[in-house]
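**Student:** Dropping the structure in here first, questions after.
Just so you know, all these numbers are worked out from the coordinates, no wet-lab data involved. This one's a predicted model, so the numbers in the text were calculated from it and none came from an experiment. Because the Cβ atoms are built from the backbone with ideal geometry, glycine has one as well, and the counts that use them run over all protein chains shown.
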Amino acid sequence: MSIDQHAFPVTKTSDSKIKYFDWDHLDFGKNFSDHMFLMEYSDGVWGQGEIVPFANLTMHPAMSAIHYGQSIFEGLKANRTADGRVSIFRPDMNAKRFNESAERMCMPSIPEELFVEAIRQLVSLDDEWVTSREGHSLYIRPFMYATDELVGIRPSRTYKFLIITTPVGQYYSEPVNVKIEKSYTRAASGGVGRAKAAGNYAASMYPALQAQKEGYHQLVWTDAAEHKYIEESGTMNIVFQIGDKLITPDENHDTILRGITKRSVLQVAEMWGVEVEERMVTIKEIVEAARNGSLKDAFGAGTAATIAPIAMIGYEDEKFMLPPVEERMLSNKIKKYLGDLKTGRIEDAFGWNLIV
Ligand SMILES: *Cc1c(COP(=O)(O)O)cnc(C)c1O
C-alpha cells in the first residue's frame, strides 16, 4: 500500500463543536475533536478504515474486551508550529510500540504506515483543534479492543481500532511528590508491563490512591521480586541526575514500558555530550545520592507531561526534597529544546516531526 494513494473515506460532521469550545478551561482529556478514525477487523483482515463524526459506539453485553481485557492503546501529540503548520511527534515510534503491545495481547497488528497515515489524515481534518497556545497540544489516542460477542476465554477474532483526539493543556501544574512503593507491583517479569494494555492502568489505581491519601501525587514503582530496583513513576518513565550524569532504569526488562519521551530526552542529552547511564538503578543509590546532595534532579518523562519535575521523594519514613526546579539546568534545557523542536522554533535535527 502506498500512502499517497491511501485517502480514507471521510464523513464530515454537519455541526462542528469547536465554536462551543472553551479554550480557557480545558480539562485534560475531557473534550474531543469533531471526528474519529474507525477500522474493524474480522475474518483475519482489517476492513476499510474511515474517518467519521465523533460519536458513541454500541456494544454487545458480552463484548470480550469488557470481560477479559484484550484492549491496548497509544498516546502521542500534535502541536502547532510557530509558522502555523501542524506537526506530530514521532508517530512511527507509537506505531511500532502499538504492534508490540498487540502481539503480547494476541491482537492483530496494523501496518505501521497505515497507523501513521490514519493519524495524519484525522489530525489534518481536525486541525483547527490544534491550538498555538503556549503549552497546549492535541493529544491523540489510538486504541484497539476485542469485540467478539462471547463469554469464553480465547483471543477474540474481531476487533475495533479507533483514533480519537482531545485538546490538552499542561498535565501537572506543579512539581510532583512521589513515593517509592515497597509493597504493590505494577508489573512482574514475564507479565504485560511492557505493553500499553488497559488492565495495567486498572491495576495501578489502588496503590496510587493509597499514596495519594498520604499526600503524594504518584508512586515510583519498584521491581516485583525484591522491591529493590526502581522501574517507573506512575505512567511515566523516570530519570535521575546524579552529579552531571543522567541515570535511568534500562529497558531490558519486560516490566518497563519503553517510553518515546524518555528515549527522546536521552537522545538530546547524548547529542550534547551528557553522560547517560541506562542500567538497573537501586533505591539505595538514589536515597544515598539524595542524602549526600549529589541527586540534582529527578523527573518523570511521558507524552502527557513531557518532563514532570519531581519535588520530593518519599521512602519509608523519610522525605527527600530535591533542588528547586529553576536550578535544574539540564532537564530545563532539554524540555525547552523538545518544546522548541515540536513547535518548529528550532531545526528538527532528528527528523522527529511529521508535518501534517
Ligand atoms: C505511556 C507510558 C509511558 C510513557 O511513554 P511515552 O511514549 O513517553 O508517552 C511510560 N510508562 C508507562 C507505564 C506508560 O504507559
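**Student:** Rounded to whole Hz and in sequence order, give me ³J(HN,Hα) for the stretch 124-133 from the Karplus expression 6.51 cos²θ - 1.76 cosθ + 1.60, θ = phi - 60°, writing x for Gly and Pro.
**Tutor:** Ordered by residue, 3J(HN,Hα) equals 4, 5, 9, 5, 5, 7, 9, 8, 8, 4 Hz.
**Student:** P(r) of the stretch 176-342 in 5 Å steps, Cα pairs, percent per bin?
**Tutor:** Whole-percent P(r) values from 0 Å outward: 2, 9, 19, 23, 22, 15, 8, 2, 0.
**Student:** log10 I(q)/I(0), Debye, Cα-only the stretch 194-246, no solvent, q = 0.14, 0.25, 0.32 Å⁻¹?
**Tutor:** Once normalised to I(0) and log-transformed, intensities are -0.45, -1.12, -1.26.
**Student:** Same structure again: For the stretch 17-169, place one equal point scatterer on every Cα, skip the solvent, and apply the Debye formula. What is log10 of I(q)/I(0) at q = 0.18, 0.21 Å⁻¹?
**Tutor:** So the normalised log intensities are -1.07, -1.32.
**Student:** Based on C-alpha coordinates, I'd like the Rg and Dmax of the stretch 118-262, in Å.
**Tutor:** 18.2, 56
**Student:** Label the stretch 122-180 by shape, choosing from rounded, prolate and oblate, from the square roots a ≥ b ≥ c of the eigenvalues of the Cα gyration tensor; if a/c is under 1.5 it is rounded, and otherwise prolate applies when a/b is larger than b/c, oblate when it is not. List each step's numbers first, then the result.
**Tutor:** Values: a/c = 5.91, a/b = 1.52, b/c = 3.88.
Verdict is oblate for the stretch 122-180.
**Student:** In addition: Rounded to the nearest 500 deg cm²/dmol, what is the calculated helix-only ellipticity per residue at 222 nm for the chain, with -39500 (n - 2.57) per DSSP H run of length n ≥ 4?
**Tutor:** Values: 7 runs with 85 residues, N = 356.
Mean residue ellipticity, 222 nm, calculated: -7500 deg cm²/dmol.
**Student:** Taking the stretch 133-184, which GluC sites (Glu not before Pro) meet the DSSP loop condition and have no more than 11 other C-beta atoms within 10 Å?
**Tutor:** Here the sparse-neighbourhood loop sites are Glu134.
**Student:** May I ask for the distance between the Cα centers of the stretch 150-191 and the stretch 72-105, given as a whole number of Å?
**Tutor:** Taking the Cα centre of each part, the stretch 150-191 and the stretch 72-105 sit 16 Å apart.
**Student:** Something else now. List the pairs from Lys182/Lys284; Lys245/Lys284; Lys228/Lys262; Lys77/Lys160; Lys96/Lys245; Lys196/Lys336 whose alpha-carbon separation is above 19 Å, in the order I gave them.
**Tutor:** Values: Lys182/Lys284 13 Å; Lys245/Lys284 17 Å; Lys228/Lys262 22 Å; Lys77/Lys160 22 Å; Lys96/Lys245 29 Å; Lys196/Lys336 27 Å.
Result: Lys228/Lys262; Lys77/Lys160; Lys96/Lys245; Lys196/Lys336 exceed 19 Å.
**Student:** Would you mind listing how long the stretch 302-356 runs along its three principal axes, going by Cα atoms, in whole Å with the largest first?
**Tutor:** Cα extents, longest axis first: 50, 21, 14 Å.
**Student:** Continuing with this model, one more query. Determine the sum of side-chain charges near His35: Lys and Arg each +1, Asp and Glu each -1, restricted to other residues whose C-beta is under 14 angstrom from that of His35. Don't skip to the answer; put the middle values down first.
**Tutor:** Values: positive: Lys12, Lys17, Arg120, Arg141; negative: Asp15, Asp34, Glu50, Asp126, Asp127, Glu128.
Computed value for this residue: -2.
**Student:** In degrees between 0 and 90, to the nearest 10, how far off the longest principal axis of the chain does helix 329-342 point, with axes built from Cα atoms?
**Tutor:** The two axes meet at around 10 degrees.
**Student:** Also, I was wondering about something else. Would you mind checking which residues have amide H under 5 Å from Ala298's amide H? H placed 1.01 Å from N; only 5 or more apart, or other chain.
**Tutor:** Here Gln241, Ile310 satisfy the definition.
**Student:** P(r) for the stretch 1-68, please, calculated from all Cα pair distances in 5 Å bins and given in %.
**Tutor:** 3, 11, 15, 18, 18, 14, 12, 6, 1, 0
**Student:** Ok, one more. Output needed for the chain: three equivalent-ellipsoid semi-axes, defined as square roots of 5 times the C-alpha gyration tensor eigenvalues, in descending order, whole Å. Could the numbers behind the result be given before it?
**Tutor:** On the way: eigenvalues 235, 129, 67 Å².
The three semi-axes for the chain are 34, 25, 18 Å.
**Student:** Here is a further query. Amide H neighbours of Leu219 under 5 Å, at least 5 residues apart or on other chains, H built in the peptide plane: list them.
**Tutor:** Correct list: Lys179, Gly234.
**Student:** Which residue fluctuates the most in the chain, going by a Gaussian network model with Cα springs under 10 Å, if the choices are Pro142, Pro207, Pro309?
**Tutor:** In this elastic network of the chain, the residue with the biggest mean-square fluctuation among Pro142, Pro207, Pro309 is Pro207.
**Student:** For a quick check, take a GNM of the chain with Cα springs below 10 Å and name the residue from Asp24, Asp297, Asp254 with the largest mean-square fluctuation.
**Tutor:** Looking only at Asp24, Asp297, Asp254, the biggest GNM fluctuation is shown by Asp24.
**Student:** What does the net charge come to around Thr255 if you take all other residues with beta carbon closer than 14 Å to its beta carbon, with K and R at +1 and D and E at -1?
**Tutor:** Numbers: positive: Arg104, Arg186, Arg194, Lys196, Lys228, Arg258; negative: Glu181, Asp223, Glu226, Glu231, Glu232, Asp250, Glu251, Asp254.
Computed value for this residue: -2.
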